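Derivation of every value follows stated rules applied to the coordinates shown; laboratory data play no part. As the structure is a prediction and not an experimental result, all values here were calculated from the model. Here Cβ is always computed from backbone atoms with ideal geometry, including for glycine, and neighbour counts include all displayed protein chains.
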């Protein structure tokens, strides 16, 4: 792939910014800080060779650092991601419907983290597991409500579904083990993403 | 309706049974839940009455897509019996009968239908309920809960819409409200909300509600999640699910009422005390849903001493009968206790060990059953280093720097780092890091993975940091508000004291304490005495002999402390760690090229081995002769080039003089340490009886020549040929070892190094490129060779047989070897405890 295609920038509203695929890839690394090309492809849903090509471009620009088997995002890369968020979603936080939506998210978010803790402390209690999955289902529904505003959020739905399937197959690592694409990981990355698009700060 | 089609013997049996008529030993017919309720009913426990629709009915439903002939009539008849028994009426007054409907498969699995409570309400029954209880608010609460559950579970969605629509109606009910007005208002609000949300409303007729719920249970057997699980776990698709229909009791009716979950012992610590939560005025799943703040068992027992004394008495008896810690769902309705469900409780690793030890001591439950509840994984998890008692006591006397919430147990020390990127850097340099953050998010994950311990200033036991730390098994203290972190300056204030990045701290992830400096840790891992008791029981059952691997005198002590009866050591490793390997190789090169004598090396070997023999005390020691072709040796020197120049090094007896000098060095070490047992030398890669014979001749000649006590000779087999000729090789050996990983590597044609790491073999097995995991189970190709090795017991009864295992010892592997008759094993030092448990369980299993 020619270098110009790697992380091409587009003009939008007079501002130069990342194209969507470049954003999806770089944002995945932004949310993980450290990840492999394979992880980024898994998170962005883009083909590995395309992600690899974009990553080469990021490396040339000094946005990311190659530390062997994984990549580490650099402050320049973080700035790119932040400016994309800012340019693309600045009007979202002003909308009334997002405030109500976010309040509902917060309610199920509280429930989710409590349930994951119950699940861990109960040694993987099936009742707690059912509830964790049911809460993920509720979040998926909730994401559906703002998918029109943020179409790329279907990517999170896809990841949640994949990991729920893993849990259903009896692999408990996919509930909250941080080293795989667990429900807890996806949930927190989604929350982080949400805070970015709404311009909010984490409280806990 | 179609005639019952499933056929066979079962076709003539009833499809519906009362709890008191169901056979609790038939979970395949009544499901796990149904069998449990039948058992509890038979034991005379206070269980609300009910009946079970069998899995046979489910199978017929799945075959025909409709209820089997006669099922609905049977259900109606049993409802009638239930009405008589409870003196209530289904769908009417004066006291209405409400029921719960649950799925109950023979094996619990995800995706099965959740419970529907409060089924049986139409206008007539609702008004009667309000009249009978004198509480319109109660009726409205019960009805709206039912609508929510029925919507989500049977109609598939709309629970939230119902809750939203019902909310204002529930809030507006005044003390003297009219039941008819309240019900009709609520009912039409729910109906409208559901028509909007899912285009369908809840049937008015309670019988129809029940039929829909039963159908939903059957349908859930084929839900996507359940099918996924069964496919993956290789569970048959035609087991089917039973349906449990039970009279409702109300934790939300009158006083004193409530609902709770109790554990017969604390599932976190294993402490033998009734543990759990109780929610006054709560119904059904309120407690487990975690949406409100329940009381502890102690608080509840103070409030309702009689009820909780009865609960304690009943559950203790149940625990003994069941032979395991139980998780019990119960409800109190106006002071009367009901048990709704009883099952084995999930527990943490620490609790599992404590509980098993307590059960063994009580002797009420057979050891086989007790040990079956502890897994090797739990032992690995519980083996954590701990601070030395005296150091911890001293640190406490001088005061902790700060106190937070203990979120993930374990005691560790390290240097403070406040940034995740730097935590990765510092940890990569070999330093242990205590990552200290205001709070954590996914952006800190890489730092948390690199860190040894984690501290956060904000957040509770459910915060991101807490969940991640527990999942990683790393000690973690959260919510330590005494910490103020300055990320720019890379320092922090804790309890008024300033710490710079790089200063050492020690944290206790159970108590939440943070101490200054590095507290010394001991090898005496957590759960000490409890674990020893369990393992003693396992040893008694298995009567196996474990040779733990050790390379230094210190490791010898640790390995024996963990319960190994003997020591296995590799001379090559001992020489490498004492810095003698390079010199040895130079000497061997010169020996091979120009015949330089090796005699002088016996003293070096004696010097490095003597401390190990001293540390071993009376324990037997087997030394593996240096294997110049091993992966380990290759890594230390320029292996491939060296072996290309000196191919003789590749053969077990390529350098006879080298074997002789190792025999001499070993004999000297044994003599000088005053070791009471004859030393043993084993030679790797033996494939022929002639080699074994020659090895023995060399060893005898050398000890005779030097006037030393004899050395026992062992052959370590690593090849299919060696295994096939084992009976003949054994005739010339004192010990025969079969090296499992080496043999497998040759059978599969993979390099042995592939067996050492999880990936890529893990993934390869997951993709089912290999039909079984060779690290965890013995396949036919291995069994044939093991069978051949085992016959050497007949050809050479004097020769001992041992199995050399490397890496984690799985229970499956242990069972395989145990039942093939093997009792002697060499294992990694870290695996001594897990192996003791695994073989104990293997011995106790039927």
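How crowded by other chains is B:458-471, given as the mean number of beta carbons from other chains within 10 Å of each beta carbon?
Taking the mean over all residues of the peptide, I get 6.
Output the peptides B:169-179, B:704-714 sorted from most to least packed, where packing is the average of other Cβ atoms within 10 Å over each peptide's residues.
B:704-714, B:169-179
Suppose each label sits 7 Å from its Cα in the direction of the beta carbon; what would the residue B:235-residue B:204 distance come out to in nanometres?
About 4.0 nm, to one decimal.
To the nearest 500 deg cm²/dmol, what mean residue ellipticity at 222 nm is calculated for chain B from DSSP H runs of n ≥ 4 alone, each contributing -39,500 (n - 2.57), summed and divided by the residues?
Roughly -14000 deg cm²/dmol at 222 nm, from the helical runs in chain B.
Can you tell me the mean projection area, over all orientations, of the convex hull of region B:32-92's alpha carbons? Units nm², please.
If I average the Cα hull's projected area over directions, I get 5.2 nm².
Any chance you could give the angle, 0 to 90 degrees and rounded to 10, that helix B:832-844 forms with the longest Cα principal axis of chain B?
Here the helix axis deviates by roughly 60 degrees.
Sorting check: for B:408-416, B:49-57, B:19-27, which peptide has the highest mean count of neighbouring beta carbons within 10 Å, and how do the rest follow?
Top of the packing list down: B:49-57, B:408-416, B:19-27.
Within region B:659-676, what residues put their amide N at less than 15 Å from the label point 7 Å along the Cα-to-Cβ vector of residue B:607?
Within reach of a label on residue B:607: B:665-666, B:669.
Would you mind calculating the gained length between residue B:614 and residue B:482 on full extension (0.36 nm times residue separation, minus the Cα-Cα distance), in nm to one decimal?
Going from the current span to full extension adds 42.5 nm.
Please report, for the Cα atoms of region B:379-513, the Rg to one decimal and the Dmax as a whole number; what are they, in angstrom?
13.4, 42
Could you check how many percent of all C-alpha pairs in region A:164-204 are farther apart than 15 Å?
So the pairs more than 15 Å apart make up 48 percent of the total in region A:164-204.
Estimate the FRET efficiency between residue B:798 and residue B:705 by the formula 1/(1 + (r/R0)^6), using the beta-carbon distance for r and 30 Å for R0, to the nearest 0.05.
Given R0 = 30 Å and the Cβ-Cβ separation, E is 0.75.
When only alpha-carbon atoms count, how far does region B:748-793 stretch along each of its three principal axes, as whole angstroms with the largest first?
38, 20, 16
Which percent of Cα-Cα pairs in the protein assembly as shown sits in each 10 Å bin, short to long?
Going out from 0 Å in 10 Å bins, the protein assembly as shown shows 2, 9, 15, 19, 19, 16, 11, 6, 3, 1, 0, 0 percent.
Based on the Kirkwood radius over alpha-carbon pairs, what is the Stokes-Einstein translational diffusion coefficient of region B:536-652 at 37 °C with 0.692 mPa s viscosity, in µm²/s?
The diffusion coefficient I find is 208 µm²/s.
Based solely on its DSSP helices, what 222 nm [θ] is calculated for chain A when runs of n ≥ 4 H residues each add -39,500 (n - 2.57) and the sum is averaged over all residues, nearest 500 deg cm²/dmol?
-21500 deg cm²/dmol
Roughly how far apart, in whole Å, are the Cα centres of region B:84-125 and region B:137-171?
16 Å
Where does helix B:27-42 land angle-wise versus the long Cα axis of chain B, in degrees 0 to 90, nearest 10?
70 degrees
Antiparallel as a % of all DSSP beta bridges within chain B, to the nearest 5?
Roughly 60 percent of the beta bridges in chain B run antiparallel, per DSSP.
Quick one: angle between helix B:159-171 and the longest Cα principal axis of chain B, in degrees between 0 and 90, rounded to 10, please.
So the helix axis and the longest Cα principal axis differ by about 50 degrees.
What Kirkwood radius, in Å to one decimal, follows from the Cα pairs of region A:62-174?
16.7 Å
Arranged by the count of other C-beta atoms within 10 angstrom, fewest first, what order do B:296, B:529 take?
So the ranking, lowest neighbour count to highest, is B:529, B:296.
Residue B:369 versus residue B:344, label points 7 Å from Cα toward the beta carbon: distance in nm?
Computed distance between label sites residue B:369 and residue B:344 equals 1.1 nm.
Peptide A:181-193: average number of partner chain Cβ atoms within 10 Å per residue?
3
Looking at the P(r) of region A:122-172, how many percent of alpha-carbon pairs lie beyond 13 Å?
Looking at region A:122-172, the distances longer than 13 Å represent 60 percent of pairs.
For all pairs of alpha-carbon atoms in chain B, what percent lies in each bin of width 10 Å, listed from the first bin to the last filled one?
2, 10, 16, 18, 17, 15, 10, 6, 4, 1, 0, 0
Applying 1/(1 + (r/R0)^6) with R0 = 22 Å to the Cβ-Cβ distance of residue B:12 and residue B:43, what FRET efficiency is obtained, to the nearest 0.05?
That gives a FRET efficiency of 0.15.
Between residue B:66 and residue B:81, what is the spin-label point distance in nm, taking each point 7 Å from the Cα along the Cα→C-beta axis?
2.7 nm
Taking just the alpha-carbon atoms of region B:681-787, what radius of gyration and Dmax come out, in angstrom?
17.1, 59
Given C-alpha coordinates of region B:495-580, what is the ratio Rg to Rh with the Kirkwood estimate of Rh?
Value, to two decimals: 1.16.
Quick one: if the Förster radius is 35 Å, what FRET efficiency do residue B:677 and residue B:589 give, using the C-beta to C-beta distance and rounding to 0.05?
0.50
Pull out the extension gain between residue A:173 and residue A:96, defined as 0.36 nm times the separation in residues minus the alpha carbon to alpha carbon distance; nm, one decimal.
23.9 nm
How much length would be gained if the chain were fully extended between residue B:500 and residue B:777, taking 0.36 nm per residue of separation minus their Cα-Cα distance, in nm to one decimal?
94.7 nm
Just the projected area, averaged over all directions, of the convex hull on the alpha carbon atoms of region B:275-381: how many nm²?
7.6 nm²
Give me Rg over Rh for region B:742-846, both radii from the alpha carbons and Rh done the Kirkwood way, two decimal places.
My calculation of the ratio gives 0.97.
Expressed in whole Å with the largest first, what are the equivalent ellipsoid semi-axes of region B:1-141 derived from the C-alpha gyration tensor as the square root of 5 times each eigenvalue?
They are 29, 18, 15 Å, listed largest first.
Hey, any idea what Rg/Rh is for region B:188-332, computing Rh the Kirkwood way over Cα pairs?
Reported Rg/Rh, Kirkwood definition of Rh: 1.06.
Sort all Cα-Cα distances of region B:789-845 into consecutive 10 angstrom bins from zero, then give the percent of pairs in each bin up to the one containing the longest distance.
Result returned by the calculation: 23, 51, 24, 2.
Please report the relative contact order for region B:97-140, taking Cα pairs under 8 Å with a sequence separation of at least 6, and give it as a percent rounded to a whole number.
34 percent
Using the C-alpha gyration tensor of region B:219-276, what are the square roots of 5 times its eigenvalues, in whole angstrom, with the largest one first?
34, 22, 9
Shielding of B:434-441 by partners, i.e. mean partner chain Cβ atoms within 10 Å per residue?
Mean inter-chain Cβ contacts per residue within 10 Å come to 2.
Report Rg(Cα)/(2.2 N^0.38 Å) for region A:74-132, keeping two decimals.
1.70
Where Rh is the Kirkwood radius over the Cα pairs of region B:621-722, the temperature 37 °C and the viscosity 0.692 mPa s, what D in µm²/s does Stokes-Einstein return?
In µm²/s, the coefficient is 229.
For Cα pairs less than 8 Å apart in space and 6+ apart in sequence, what is the mean separation divided by the residue count of chain B, i.e. the relative contact order in percent?
Once normalised by length, the contact order is 8 percent.
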